[in-house]
Amino acid sequence: MGPLQIKEILQTSPENQSVTVKGWVRTKRESKNAIFIALNDGSTIHNIQAVAEPGQFSAELLSTVTTGSCLKITGQLVESQGSGQLVEVKIEDILVYGTADPETFPLQPKKHSLEFLREIAHLRPRTNTFSAILRIRHALAFAVHQYFNDGGFFYLHTPVITASDAEGAGEMFRVTTLDLNKLPRTEEGAINFKEDFFGREANLTVSGQLEGELGAMALSKIYTFGPTFRAENSNTTRHLAEFWMIEPEMAFFELEDNMDLAEDFVKKVITYALINCKDDLNFLQNRLAEEEKNKPQNERSIPLLEKLSFVVDNPFERLTYTEAIEILLKSKPHKEKKFQYPVGWGIDLSSEHERYLVEKHFKKPVILTNYPKEIKSFYMKLDEDGKTVRAMDVLFPGIGEIIGGSQREEDYEKLLGRVKEVGIDPENLWWYLETRKFGTAPHSGFGLGFERLVLFVTGMSNIRDVIPFPRYPKSAEF
Ligand code: 4AD
Ligand code: MG
């Protein structure tokens, strides 16, 4: 449907047929014998080369064919004379849809820094790096839906606006229609949210899990895949204020089943990218190699494709939080007091600890389970010892936590106890608590941060570079 894209044209065998190509100029090169225009339409990392003869077009027209301008070229598709591509277009006609003044167009055929590109988020998809990332991001999203659909899961659309704080961490963005200059007050002087749009306080969701659990108590296996919001101080290379999360939730799954699913799921989704995004992954791999070429051999990271294949081909290491603490206590950085945060049973592991376990000790992805209840959310199922909960975090090299999940507390009294213990008003969660009153069942689920997955697969180092329009403190321009 619609005009042929460059990806399709490049796969056509050259039979001297007429062809129309549309796209944006990446480069124009003039030699004594020919003018070469490299055109890209974002359908593939590869450009199509179009060739004209000197004098075939007026200098005036050619002066508007500059990097960034948009063209329609008609001509003959012929076998390419140059190396690197099978076909090229012998130009017969050029129509300039839109010019891009070289004086002001910010993207020039040279390497721009990622920091600079972040400032021009409206144009960066037109670079090779970002178009490759966006295509891989798409492929991963598609693979997610395919995986769950094949596995008998139903896609549940959970609300973006909610009254509850699913993680109980108080990191919500408020949603209101109240006039901030004259907020209605109660007699006690508090803001009167009864006069607000929803008649109560409302937030952007931090997770679809609680509603997902309602779905699992009806459809058995569901997943959500939508934007989530956290007003945490997200000024790191791993945090966004708005990110996409994938949250499967399954009735009758225990922690062990949950771990099996999480491991199989990430491996299958990465495999999909390995099979379907070869050109883009190769491009990103070469880009990384280029960046590291001045480093000594032993300091260079392993090639991207090798890293991805390794994760797909090897079992993840599984151990308890308590076992992990023992390893950390025996570790060199602990003994030499090199960790910034001291290790001890009960601490919330920080990324230096997670990275030690994954990158130095096991050298592969790790699933940590049975964390102390104090450092995990209220909904996790209490272990028999009364101290730990059936939590699981999947830790990835270079990323740290990529998945967080648990078996859920299905016992009404125990859950109510935990809700009160952490200071949540049970009134606010009456609907959630009711699932434990009416036909409760063992169930489990997890959340995968989609951008952290894209970060891992693309080998990029800043999460702001794997989402089209990143949201982080002091950035909401585009
Ligand atoms: O560990 P988290 O907070 O778990 C939950 O939200 C659960 N309700 C999930 C569930 O069991 N259904 O977040 C899950 C994942 C993390 O492991 C991380 O990959 C990602 O979401 N994540 C973020 N990604 C980007 N920016 C942030 N600020 C993130 N916070 C969490
Ligand atoms: Mg977590």
Just want to confirm a number: the relative contact order over region 6-108, from Cα pairs under 8 angstrom separated by 6+ residues, in percent. 30
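With a cut-off of at most 16 other beta carbons within 10 Å, and DSSP calling the residue loop, which chymotrypsin sites (Phe, Trp or Tyr not before Pro) in region 215-270 qualify? Please list them. Let's see the in-between values first.
Values: sites: Tyr223, Phe225, Phe229, Phe243, Trp244, Phe252, Phe253, Phe265; in loops: Phe252, Phe253.
Counting only loop positions with at most 16 other Cβ atoms within 10 Å, the chymotrypsin sites (Phe, Trp or Tyr not before Pro) in region 215-270 are Phe252.
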Report, to two decimal places, the Cα Rg of region 214-358 normalised by 2.2 N^0.38 Å (N = number of residues). 1.32
Given Cβ point charges of +1 (Lys, Arg) and -1 (Asp, Glu) and nothing else, what value in debye, to the nearest 20, does the dipole of the chain about its Cα centre take? 1340
Dipole in debye (nearest 20) - region 366-427, about Cα centre, beta carbon charges: Lys, Arg +1; Asp, Glu -1: 140
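May I ask you to list the GluC sites (Glu not before Pro) in region 135-187 that are in a DSSP loop and have at most 14 other Cβ atoms within 10 Å of their Cβ? Don't skip to the end; give the middle numbers.
Working: sites: Glu167, Glu171, Glu187; in loops: Glu167, Glu171, Glu187.
Loop-located and lightly packed - Glu187.
Quick one: grab the alpha carbon gyration tensor of region 62-115, order the square roots of its eigenvalues as a ≥ b ≥ c, and give me rounded if a/c is under 1.5, else prolate or oblate depending on whether a/b is larger than b/c. Spell out each step's value before the answer.
Values: a/c = 3.41, a/b = 1.44, b/c = 2.37.
Judged from the Cα gyration tensor, region 62-115 comes out oblate (a/c at least 1.5, b/c at or above a/b).
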First check a/c for the chain, with a ≥ b ≥ c the square roots of the eigenvalues of its C-alpha gyration tensor; if it is under 1.5, answer rounded, and if not, answer prolate when a/b is larger than b/c or oblate otherwise. prolate
Straight distance only, please: which lysines reach the Cα of Lys22 with their own Cα at less than 19 Å, same-chain residues fewer than 8 apart left out? Lys7, Lys72, Lys90
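Run the numbers for Glu188 and Leu319: contour at 0.36 nm per residue of separation, minus the present Cα-Cα distance, in nm. Can you show the working numbers first?
Values: separation 131, 0.36 × 131 = 47.16 nm, distance 5.14 nm.
That works out to 42.0 nm of additional length.
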Using r as the Cβ-Cβ distance of Ser351 and Ser83, and R0 as 30 Å, what FRET efficiency do you calculate, to the nearest 0.05? 0.10
Apply the Karplus curve 6.51 cos²θ - 1.76 cosθ + 1.60, θ = phi - 60°, to the phi angles in region 447-452 and return the couplings in whole Hz, x for Gly and Pro. x, 9, x, 4, 5, 5
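Give the order of Lys194, Lys221 when sorted by the count of other beta carbons within 10 angstrom, beginning with the fewest. Walk me through the intermediate numbers first.
Details: Lys194 10, Lys221 21.
Final ranking by Cβ density, sparse to dense: Lys194, Lys221.
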For Glu401, distant residues with modelled amide H under 5 Å away: Phe396
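Can you bin region 197-299 into rounded, prolate or oblate? Criterion: square roots of the alpha carbon gyration tensor eigenvalues sorted a ≥ b ≥ c, rounded for a/c under 1.5, prolate for a/b above b/c, oblate for the rest. Present the calculation step by step, with values, prior to reporting the outcome.
Numbers: a/c = 2.78, a/b = 1.56, b/c = 1.78.
Note, shape of region 197-299 comes out oblate.
Once you keep just the Cα pairs under 8 angstrom separated by 6 or more residues, what percentage relative contact order results for the chain? All intermediate terms of the calculation are to be shown ahead of the outcome.
On the way: 838 pairs, mean separation 64.6, N = 478.
That works out to 14 percent.
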With viscosity set to 0.692 mPa s at 37 °C, what whole-number translational diffusion coefficient in µm²/s follows for region 6-108 from Stokes-Einstein and a Kirkwood radius over Cα pairs? 240
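Count neighbours as other Cβ atoms within 10 Å of each site's Cβ, and list the trypsin sites (Lys or Arg not before Pro) in region 328-396 that are DSSP loop with at most 15 such neighbours.
Details: sites: Lys330, Lys335, Lys337, Lys338, Arg355, Lys360, Lys363, Lys373, Lys376, Lys381, Lys387, Arg390; in loops: Lys337, Lys338, Lys363, Lys376, Lys381, Lys387.
Loop-located and lightly packed - Lys337, Lys338, Lys363, Lys387.
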HN-Hα J in Hz across region 257-268 - Karplus 6.51, -1.76, 1.60, θ = phi - 60°, x for Gly and Pro: 5, 4, 5, 4, 5, 4, 5, 4, 4, 5, 5, 5
Taking a cut-off of 14 Å between Cα atoms, list the aspartates and glutamates near Lys194, but don't count ones fewer than 8 places away on the same chain. Asp179
Can you put Ser31, Ser309, Ser377 in order, fewest other beta carbons within 10 Å first? Ser31, Ser309, Ser377
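If you restrict to DSSP beta bridges whose two residues both lie in region 222-374, what percentage is antiparallel, to the nearest 5?
On the way: 8 of 12 bridges.
About 65 percent, rounded to the nearest 5.
Report, in listed order, any pair from Lys28/Lys111; Lys337/Lys376; Lys337/Lys364; Lys267/Lys295 with a Cα-Cα distance greater than 21 Å.
Numbers: Lys28/Lys111 16 Å; Lys337/Lys376 26 Å; Lys337/Lys364 24 Å; Lys267/Lys295 30 Å.
Those over the limit are Lys337/Lys376; Lys337/Lys364; Lys267/Lys295.
Every read-out reported here was derived from the displayed coordinates using simple, explicitly stated rules and does not represent laboratory data. From a predicted model like this one, the values you see are computed outputs, not experimental measurements. All Cβ positions, even for glycine, are placed from backbone atoms using ideal geometry, and neighbour counts span all protein chains on display.
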